Amino acid sequence: MADHFEVDGPWRERCRIPFELLDRGKAAAERTLAEIAAQPAVSAKGGDLRPVAERLARLMRDCGLESAVMPTAGAPIVLGRRMESDRLPTILVYGHYDVQPVEPLSAWSSGPFTPEIRDGRMYGRGTADNKGQHIAQLLAIKAVLDSSGRLPVNVVMIVEGEEEIGSPHLERWVDDHAHLLKADFAYTSDGAIHPSGRPVVLCGARGLLYLELTLRTASADRHSGNFGGVSRNAALELSRAVASLWDDDGEIAVPGFHDAVAEPSGAERAAVEALPLTWPIPAAERLTRVTSPSDWFHRVLLRPNINVSGLNAGWTGPSMKTVIPATATAKLDIRLVPGQDPEDIARLITERLRAAAPDIEVNVISAVKASRTPLDSPIVDRVSQAVEFAWEQTPLLYPSLAGTVPDFVFTSNLALPSVIVPYGNADQANHAPDENLLLDCFHKGARTFVAVLHAFAGDGPATVTAPARRPRSPGAA
């Protein structure tokens, strides 16, 4: 890993030929995307994802990287590397090849794993989240190699198969293979550009804690006439316990929940103030307590939140069945911000729930820490310049992704600055039927990574010093 690297110079001119190659190869690029997107890789349903990983490894090799399919306790990770010189900076690129479940199938306009192009978009599960985005990186690498025979920087790329279920094995794999992942910064493309069409640069991601709650009050459902008013009702008790997580004003009422929250920096607050909201605030106010665009973004980028993502109890079929539910379940997803430890938050929420329902069972399904890179990092500035050049628009700077990616393994375990540059359109419908990727975004994504590769080669006097590696915290999962 380079101790420092140059960041000034006529790098934009070096992008011209790779850009031309990408423009001439758009049809082939779209065929590649369609082929990869046609392969199901639904991590939530288990199964063998190795064939998908092996196909991706072949694509890496076709694009000029050495590649290997590496096992984990779950789905394999695909590792790609091209090391040009120890004197050059190294970019660590992250992506994921697994996708969300496709149900309900009836809501799709075309087959979820039969990619179809309509009106400038490719429809299919995984087109935007995330296959199209890391394929764009690979096509950029190939274009640069085809234009000059070498890369201006070193590239290490990891594409995992469990991001959609919380990346349960990524941290351990990263720790075990840190010697292969030495880099100057991490670069992820996931998520969406701004609804206005402007590109964005993000400096972190909120964490995620996903809990499954179960309450059993009897061995079987009971007749509501014979037992109503005398038997415990699992649905009622669980609902009351879940409702106790908020006060009457809708604010989180879990004691200690906010104690470790790191206050946003002045730069982060200023970035949030500058973000435009493209839909009418009055409409948003009918659904939330949002009072301004900055309030909206402050809530979804800088504050933690608890959400009820699922409830189930009793009879939910057609017509009627008069029963007292014996079992009730709920699922909670909790978005975390820097300073909050998922293990601590799980304990605090469990204590609050058991104060209302002592025999409730709480199961941790997933836990991902929050991550943040300072907005004033020289890495962020140089990436922003590359994005602006590729998109011909000044990007919006976000302090965080509202959702969750495992960015913390780079900023915490590997002690690297990290940036997230989405290539997906804002209306991509990821995690929903008719997921799609605007092909213009796909091609601009490839141009963006060409610009990033050249922007960090540089030939001027200014340098950026890479941070020292921090050790893994004791007891980390």
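Structure notes:
- Under-5 Å amide H pairs with residue 116, H placed in peptide plane, nonlocal only: 123
- Whole-number Å³ per residue for the convex hull built on Cα positions in segment 122-273: 279 Å³
- Near residue 99, the amide H atoms lying under 5 Å from its own belong to 41, 42, 43; only residues 5 or more places off or on other chains count, and H is placed 1.01 Å from N.
- For residue 136, the shell of other residues with beta-carbons less than 10 Å away shows a net charge of +3, using +1 for Lys and Arg and -1 for Asp and Glu.
- Computed with a 1.4 Å probe on the full set of protein chains, the accessible area for residue 315 sits at about 110 Å².
- Karplus-derived HN-Hα couplings along segment 226-232 (A = 6.51, B = -1.76, C = 1.60, θ = phi - 60°), whole Hz, x at Gly and Pro: 6, 10, x, x, 10, 9, 5
- Built amide H within the under 5 Å cut-off of residue 369, gap 5+: 208
- Stretch gain in nm, segment residue 307-residue 278, where the contour uses 0.36 nm per residue and the Cα spacing is subtracted: 8.1 nm
- For the chain: lysine pairs under 26 Å (alpha-carbon distance), excluding those fewer than 8 apart on one chain: 15
- Seen from residue 36, the other residues with C-beta closer than 9 Å to its C-beta sum to a net charge of +1, counting Lys and Arg as +1 and Asp and Glu as -1.
- For the chain, the carbon plus sulfur part of the accessible surface works out to 51%, probe radius 1.4 Å.
- For segment 18-121, taking Cα atoms only, Rg and Dmax work out to 16.4, 54 Å respectively.
- Computed over segment 184-299, the convex hull of the alpha-carbon atoms projects to a mean area of 13.0 nm².
- Taking a ≥ b ≥ c as the square roots of the eigenvalues of the Cα gyration tensor, segment 305-380 is prolate, since a/c reaches 1.5 or more and a/b is larger than b/c.
- In order along segment 320-331, the Karplus-derived 3J(HN,Hα) couplings, from 6.51 cos²θ - 1.76 cosθ + 1.60 at θ = phi - 60°, round to 9, 8, 8, 9, 9, x, 8, 9, 9, 10, 8, 10 Hz, and Gly and Pro are given as x.
- Counting every pair of alpha carbons in the chain, the share spaced more than 38 Å apart comes to 27 percent.
- Relative contact order computed over the chain (Cα-Cα under 8 Å; 6+ residues apart), in percent: 28 percent
- Radius 11 Å from Cβ of residue 108, net charge of other residues (Lys, Arg +1; Asp, Glu -1): -3
- Per-residue [θ]222 nm for the chain (sum of -39500 (n - 2.57) over DSSP H runs n ≥ 4, rounded to 500): -8500 deg cm²/dmol
- Given a 1.4 Å probe and the protein chains as shown, residue 61 ends up with an accessible area of around 120 Å².
- Bridges between two residues of the chain, per DSSP, are antiparallel at a rate of about 70%.
- Sequence of 320, 122 from largest to smallest accessible area, 1.4 Å probe: 320, 122
- Segment 403-462: relative contact order as a whole-number percent, Cα under 8 Å and 6+ apart: 20 percent
- Residues 78, 69, ordered by accessible area of protein heavy atoms at a 1.4 angstrom probe radius and largest first, appear as 69, 78.
- The accessible-area ordering, largest first, of the residues 129, 440 stands as 440, 129, per a 1.4 angstrom probe.
- Ranked packing of 96-102, 107-113, most packed first, by mean Cβ within 10 Å: 96-102, 107-113
- Rolling a 1.4 Å probe over the heavy atoms of the protein chains gives segment 154-308 an accessible area of 44 Å² per residue.
- Residue 86 sits with roughly 140 Å² accessible to a 1.4 Å probe, with DNA, RNA and ligands left out of the calculation.
- If only the Cβ of Lys and Arg carry +1 and only the Cβ of Asp and Glu carry -1, the dipole of the chain around its Cα centre is close to 580 debye.
The values are calculated or read from the model by the stated rules, or taken from the named source; none is laboratory data. Not measured: the values here are computed from a predicted model. FYI the Cβ positions are ideal-geometry reconstructions off the backbone, even for glycines, and counts take in every protein chain you see. For accessibility, only protein heavy atoms count, side chains too; no ligands or nucleic acids. Shrake-Rupley method; radii C 1.70, N 1.55, O 1.52, S 1.80 Å.
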